[in-house]
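Novice: Following this message is one structure expressed as structure tokens.
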């Protein structure tokens, strides 16, 4: 009688122990995710004070237009101050809305140059604001691929994948102190193609544990509403400071709950300079700040001036002012056509600055910039209006039809008296204030300037 020896398969033992190991690993991983991470221990010798320089809400404003003296602001002065006058140790950050509110190809082109200037300055973090998220996801990706600019936002997502469009936060080390800077934007903002916005509170909570684990202090760069700021302050006492732009206006650092909140809306006219120090525990001991006006006492930064000159040269090639032209029921005819019947009025108009309005743009090489042209030519943005000085020289100034409207029917009709453009607008001051704003003209006195352009009745 023969017997067979039973052989226990070796691979079964291996499989059993391997499965037990995987199960134990998953259990430990699950437990770890529920651990409340403690804040990173604070260094024994922190800096006595840190200088933080905040910009925000530039909205595509490159420099003062030059329409009046004493204007403040401009990226050449901003760059000069941040590069030459900043005190160490420092952080340089932007809370958002560096791009203009209109997401056209022209404004995207301009924003790209603004970011080049910011890169040269050496910004530590730039938040995506409401204006930036109005771009498409591909446009923002194009920027991040071309330049190593530290754009951040924890709640701006790619629509198809729900993945972050840019990094959620950065950690900057200042003399041994690690500061996490996270970006947030109002989820009610209008978004461009391929972008969705997550809830800012949920997004912040998602990254809070890892920021606590890897930094000593947490700052928020944001473009949020008053209510959203209040929610963060109430529910996340781990935040050291919130630096906001948007509807909160401009105010210096103040305590909200246990969080310091500061806000700036400046269109490149001011830099907010904030100083802060630490308690031995790592909490903020004190914070103070002030707004630095970028006035004429600050020289223009030569490197920034060079970039802006290159920008203007490219504008001349691109001719963005010919894009997205609108329609008008009537056609513009030009001031010379008006002069055929209104010679005395025409001669009076020729003596005013309106008849030479494009010359002031040429002095600064701004005569291809749509932002400037709209207030210096006739029929801007209309198909049969201004299309460049060479092609439409009779529209290369502030002519009759800027105030009276396009006049083709009045000019060519058999009975022109019945079709005459309005010579007594119900509110002529309103027309003037479309261009003569406080930013361009200061305290514009209508009666004074009206006397300078008044012409005979016929």
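The values are calculated or read from the model by the stated rules, or taken from the named source; none is laboratory data. These figures come from a predicted structure and were not determined experimentally. When we count neighbours, we look across all protein chains shown, and the Cβ atoms used for this are built from the backbone with ideal geometry, even at glycine.
Novice: Failed condition for residue 408, given (1) at pLDDT 75 or above; (2) not assigned by TED's automatic domain parsing to the domain that holds residue 384, with all others met?
Specialist: Of (1) at pLDDT 75 or above; (2) not assigned by TED's automatic domain parsing to the domain that holds residue 384, only one is false for residue 408: (2).
Novice: Hey, among 296, 227, 313, which residue is outside any helix (DSSP H, G or I) and either at pLDDT 95 or above or surrounded by fewer than 20 Cβ atoms within 10 Å (Cβ to Cβ) (or both)?
Specialist: On the way: 227 fails: outside any helix (DSSP H, G or I); 313 fails: outside any helix (DSSP H, G or I).
Step by step, each of 296, 227, 313 is checked, and only 296 is outside any helix (DSSP H, G or I) and either at pLDDT 95 or above or surrounded by fewer than 20 Cβ atoms within 10 Å (Cβ to Cβ) (or both).
Novice: I need a count of the residues in the stretch 151-161 that are surrounded by 22 or more Cβ atoms within 10 Å (Cβ to Cβ) and part of a loop (DSSP other than H, G, I, E, B).
Specialist: Step one: filter the stretch 151-161 for residues surrounded by 22 or more Cβ atoms within 10 Å (Cβ to Cβ), giving 151-156.
Add one more test, that the residue is part of a loop (DSSP other than H, G, I, E, B), and what stays is 153-155.
Residues that pass the stated criteria total 3.
Novice: Among the residues of the stretch 258-292, which ones are modelled with pLDDT under 90 and in contact with a helix residue (DSSP H, G or I) (Cβ under 7 Å, 6 or more places away or on another chain)?
Specialist: 268
Novice: Now for a different question. Select, from 149, 117, the only residue that is in the same structural domain as residue 223 (by TED's automatic domain parsing) and modelled with pLDDT of 95 or more. If you could, list the steps in order and put the result at the bottom.
Specialist: Numbers: 149 fails: modelled with pLDDT of 95 or more.
Every option except 117 fails the conditions.
Novice: Suppose the filter is in contact (Cβ under 8 Å) with a residue 40 or more places away in the chain, buried (at least 16 other Cβ atoms within 10 Å of the Cβ) and either within 19 Å of residue 433 (Cα to Cα) or in contact with a strand residue (DSSP E or B) (Cβ under 7 Å, 6 or more places away or on another chain) (or both); does residue 382 pass it? Break it down into steps so the answer makes sense when it comes.
Specialist: Working: in contact (Cβ under 8 Å) with a residue 40 or more places away in the chain: yes; buried (at least 16 other Cβ atoms within 10 Å of the Cβ): yes; either within 19 Å of residue 433 (Cα to Cα) or in contact with a strand residue (DSSP E or B) (Cβ under 7 Å, 6 or more places away or on another chain) (or both): yes.
So residue 382 passes the test.
Novice: Please enumerate the residues belonging to the stretch 440-458 that are assigned to a helix (DSSP H, G or I) and free of Cβ contacts under 8 Å to residues at least 24 places away in the same chain. Break it down into steps so the answer makes sense when it comes.
Specialist: Kept after step one, since they are assigned to a helix (DSSP H, G or I), are these residues of the stretch 440-458: 440-441, 446-453.
Hits for the stretch 440-458 are 446, 447, 448, 449, 450, 451.
Novice: Shifting gears a bit: Can you find, within the stretch 316-330, the residue that is surrounded by the fewest Cβ atoms within 10 Å (Cβ to Cβ) among those that are touching a strand residue (DSSP E or B) at 6+ places or on another chain (Cβ under 9 Å) and assigned to a loop (DSSP other than H, G, I, E, B)?
Specialist: First, pick out the residues of the stretch 316-330 that are touching a strand residue (DSSP E or B) at 6+ places or on another chain (Cβ under 9 Å): 325-328.
Retained after the next criterion (residues that are assigned to a loop (DSSP other than H, G, I, E, B)): 325, 327-328.
Working: 325: 16, 327: 7, 328: 16.
Applying the filter and picking the extreme gives 327.
Novice: Which one of these does residue 304 not meet: (1) surrounded by fewer than 18 Cβ atoms within 10 Å (Cβ to Cβ); (2) over 30 Å from residue 395 (Cα atoms)?
Specialist: Every condition holds for residue 304 apart from (1).
Novice: Tally the residues that are touching a residue at least 40 places away in the same chain (Cβ under 8 Å) and farther than 19 Å from residue 57 by Cβ, restricting the search to the stretch 203-231. Give the steps one after another, and end with the answer.
Specialist: Kept after step one, since they are touching a residue at least 40 places away in the same chain (Cβ under 8 Å), are these residues of the stretch 203-231: 203-204, 206-207, 209-217, 219, 221-224, 228.
If we keep only those that are farther than 19 Å from residue 57 by Cβ as well, we get 203-204, 206-207, 209-217.
Qualifying residue count for the region: 13.
Novice: Closer than 30 Å to residue 176 by Cβ and surrounded by 21 or more Cβ atoms within 10 Å (Cβ to Cβ) - does that describe any residue in the stretch 60-77? I'd like the intermediate steps shown before the answer.
Specialist: Start the filter on the stretch 60-77 by keeping residues that are closer than 30 Å to residue 176 by Cβ, which leaves none.
For the stretch 60-77, residues closer than 30 Å to residue 176 by Cβ and surrounded by 21 or more Cβ atoms within 10 Å (Cβ to Cβ): absent.
Novice: Since residue 69 meets every condition but one in (1) within 20 Å of the chain's Cα centre (by Cα); (2) free of Cβ contacts under 8 Å to residues at least 12 places away in the same chain, which condition does it not meet?
Specialist: The number of the failed condition is (1).
Novice: Next question, about the same structure. Residue 173 fails exactly one of the following numbered conditions: (1) part of a strand (DSSP E or B); (2) in contact (Cβ under 8 Å) with a residue 12 or more places away in the chain. What is the number of that condition?
Specialist: Result: residue 173 fails condition (2) only.
Novice: Then there's this: Look at residue 193 and say whether it is in the same structural domain as residue 108 (by TED's automatic domain parsing), out of contact with any helix residue (DSSP H, G or I) (no Cβ under 9 Å at 6 or more places or on another chain) and over 30 Å from residue 296 (Cβ atoms).
Specialist: So residue 193 fails the test.
Novice: From 143, 92, 133, which residue is touching a residue at least 24 places away in the same chain (Cβ under 8 Å), more than 30 Å from residue 319 (Cβ to Cβ) and touching a strand residue (DSSP E or B) at 6+ places or on another chain (Cβ under 8 Å)? Write out each step before concluding.
Specialist: On the way: 143 fails: more than 30 Å from residue 319 (Cβ to Cβ); 133 fails: more than 30 Å from residue 319 (Cβ to Cβ).
On inspection, the qualifying residue turns out to be 92.
Novice: Let me ask something else. Could you please let me know if residue 170 is in contact with a strand residue (DSSP E or B) (Cβ under 6 Å, 6 or more places away or on another chain), surrounded by fewer than 24 Cβ atoms within 10 Å (Cβ to Cβ) and at pLDDT 95 or above? Reasoning before the result, please.
Specialist: Values: in contact with a strand residue (DSSP E or B) (Cβ under 6 Å, 6 or more places away or on another chain): yes; surrounded by fewer than 24 Cβ atoms within 10 Å (Cβ to Cβ): yes; at pLDDT 95 or above: yes.
So residue 170 passes the test.
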